[in-house]
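> Have a look at this one before I ask anything.
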Amino acid sequence: MEEPQMSGLNRRAPVRSGRGRLAVQILTVIAIFVVLGLGLAYCAKSGPSGGGGRGGPGGRPSVTVGVAKAVKGAIPIEISALGAVTSLATVNVNARVSGQLDSVAFREGQDVRKGQLLAQIDPRPFKVALQQVQAQWQRDQALLHAAQVDLARYQTLKSQDSIAGQTVDTQAALVKQDAATVAADQANVANARLNLSFTRITAPVSGKVGLRQIDPGNQIAANGATPITVVTQIDPITVVFSLPEADIPAVTKQGADGLQVTAYDRAGGMVLATGRLASLDNLIDTTTGTIKAKAQFSNGGGALYPNQFVNVTLLVQTLADQVIVPTTAIRHGPQGDYVWLLNSDRTVSATPVKVGPGTPETVSVLSGLSAGDTVVTDGGDRLKDGASVILPGKALSTGGAGAVGAQKRGGKAGGHHHHGQGSGGGTPG
C-alpha cells in the first residue's frame, strides 16, 4: 500500500520544479532590461549629440557645426540660359558648270581655307570652247582693221571729191559694226575663261568640310540640287539663346554689345568657351516672352560644334565691396532670413539679415553682418538660440577623457574613449 503514496509524491514534484524555472527566467529578463536601460542612459549622457563634451543651456549637449567667415568681395550678376551653337556661314559647295567630276581634293571633316581646291571638273571641253571664241575674236579684229583702213582711204578720196559721200558713210557704219562684233568676242572670251575657272571648285569660306555627297566620275549639272559637300565656318562661331523680357533693361543699361558670355557643356560643369554678346534681336517673342540674343566666340580649338546645345551665362554686372557668406549659411524662418552668428564664447545667436544678389555658392548680405563675422554653415538645423557649439577641428572632453576619436567620426562620440596623450585636458581645444 506504500507504493501508491510514493508515486503520488513523484507526480507533484515536477510541478514545483517548473514553477521555479519560470521565476528564474522572469528575473533574468528583468535584469537584462535593467542593464540595457543603464547602458542607454550612459550613452545618452556621453553620446553623439554632445560628442562627449560639455552640455549647452538647460543640459542640452553641444553640437558640432561647420563655420565660415563673412568676407568682402565681388558678386557677379549673371543671367543663365540654354543656347544652341550656330555657324556664321554654312555653304553648299555646288558646281557652277556642268561636266564630269574628275577628282575630289578634300578629306571628309577636313579644315579648309577659303579658296582652297575641293574638286576638279574635266576642263578639256571648256579649254576647247575658249580656243573657239578666241579664234573668232581674232578673225573679227582683222575684219575691223580692214574696215578701218578702207574708211581712211574713202575719207581721203572724199576730200578730193573723187568719191560719193554715201560710200564714206556706209564704210563708217561698217567700222562701228565690226567694232561691236569685236567687243562681243571679247565678252565671249572672258565668259569662256570664267567657265574654265569654274572647273576648279574651291572652298567659298574657311571652315570644316562635311561628308562627300558626289563621288568622282559622276556627271554633274551646274547648281544641282545635291551639293558635292557642305563647308561650315566654325571659327569664329556664335551661340543663340533667349533672355526673359524682364532682363532686357539690365542688359541694355550696360550696353548690349560686349558683355561677357560663358558657354558651358550641357551638364553645366565644364567651360567650353568665353566670348562676347554680339547683338539682341529687334523684337520679343510674344508666345514665350523672351528675346533672342547672339554671342560670338573664338573657337580655334573646336570646343563648340554647330547645332550643339550649351548652357550660357551672361555677365550683366559685377557688384564690388560686398559682404559675402556661403549660401548654406542663410536660414529661412517665419520672420525672414537669418544666420546663426557665432559668439566669442562659442554660443550662437539667430541674427536677421537682408540677402542680396548671389551665386549658387555664395550670397551677398546687405545688412545684419559685417566682414569678419563667423556664421554657421553646417549643422544649423539642430541649433537653438544661445546653444553652445563645437567647431570643426576642435573637441570638448570631460574628466580627462579625450574626444579625438569622436572628432574623427564627425563629432559623434561613441562608446569608446581614448585616454592619454589625446585627451587634451578638460577645456575646449
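> Every residue in the range 290-334 that is outside any loop (DSSP other than H, G, I, E, B), among the small types (Gly, Ala, Ser) and touching a residue at least 24 places away in the same chain (Cβ under 8 Å), please.
293, 295, 320, 329
> Test residue 152 against the criterion of being without any contact (Cβ under 8 Å) to a residue 12 or more places away in the chain and either outside the structural domain of residue 189 (by TED's automatic domain parsing) or in a helix (DSSP H, G or I) (or both), and give yes or no.
Taking the combined requirement at face value, the residue satisfies it.
> So is residue 278 surrounded by fewer than 18 Cβ atoms within 10 Å (Cβ to Cβ) and at pLDDT below 95 or not?
It is false that residue 278 is surrounded by fewer than 18 Cβ atoms within 10 Å (Cβ to Cβ) and at pLDDT below 95.
> Can you confirm whether the range 88-96 contains a residue that is over 37 Å from the mean Cα position of the chain (by Cα) and either closer than 22 Å to residue 178 by Cα or surrounded by fewer than 16 Cβ atoms within 10 Å (Cβ to Cβ) (or both)?
The answer is yes; a qualifying residue exists.
> Only one of (1) at pLDDT below 55; (2) within 30 Å of residue 340 (Cβ to Cβ) fails for residue 16. Which number is that?
(2)
> Only residues that are part of a loop (DSSP other than H, G, I, E, B), at pLDDT 85 or above and over 39 Å from the mean Cα position of the chain (by Cα): list them for the range 382-397, please.
384, 385, 386, 387, listed by residue number.
> Still on this model: Within the range 145-181, can you find the residues that are in contact with a helix residue (DSSP H, G or I) (Cβ under 7 Å, 6 or more places away or on another chain), surrounded by 13 or more Cβ atoms within 10 Å (Cβ to Cβ) and more than 30 Å from residue 133 (Cβ to Cβ)?
154, 155, 158, 163, 167, 168
> Go through the range 105-134 and report how many residues are closer than 13 Å to residue 220 by Cα and assigned to a strand (DSSP E or B).
3
> So which residues in the range 335-380 are among the basic types (Lys, Arg) and part of a loop (DSSP other than H, G, I, E, B)?
346
> For the range 213-224, indicate whether the set of residues that are closer than 25 Å to residue 302 by Cα and either under 33 Å from the mean Cα position of the chain (by Cα) or β-branched (Val, Ile, Thr) (or both) is non-empty.
Yes, there is a match, as at least one residue in the range 213-224 is closer than 25 Å to residue 302 by Cα and either under 33 Å from the mean Cα position of the chain (by Cα) or β-branched (Val, Ile, Thr) (or both).
> Would you mind finding the one in 314, 304, 341 that is over 30 Å from residue 208 (Cα atoms), buried (at least 19 other Cβ atoms within 10 Å of the Cβ) and either over 15 Å from the mean Cα position of the chain (by Cα) or modelled with pLDDT of 90 or more (or both)?
341
The values are calculated or read from the model by the stated rules, or taken from the named source; none is laboratory data. Just so it is clear, the structure is predicted and the values come from calculations on it, not from any experiment. Counting neighbours? That spans all protein chains shown, and the Cβs are built from the backbone with ideal geometry, glycine included.
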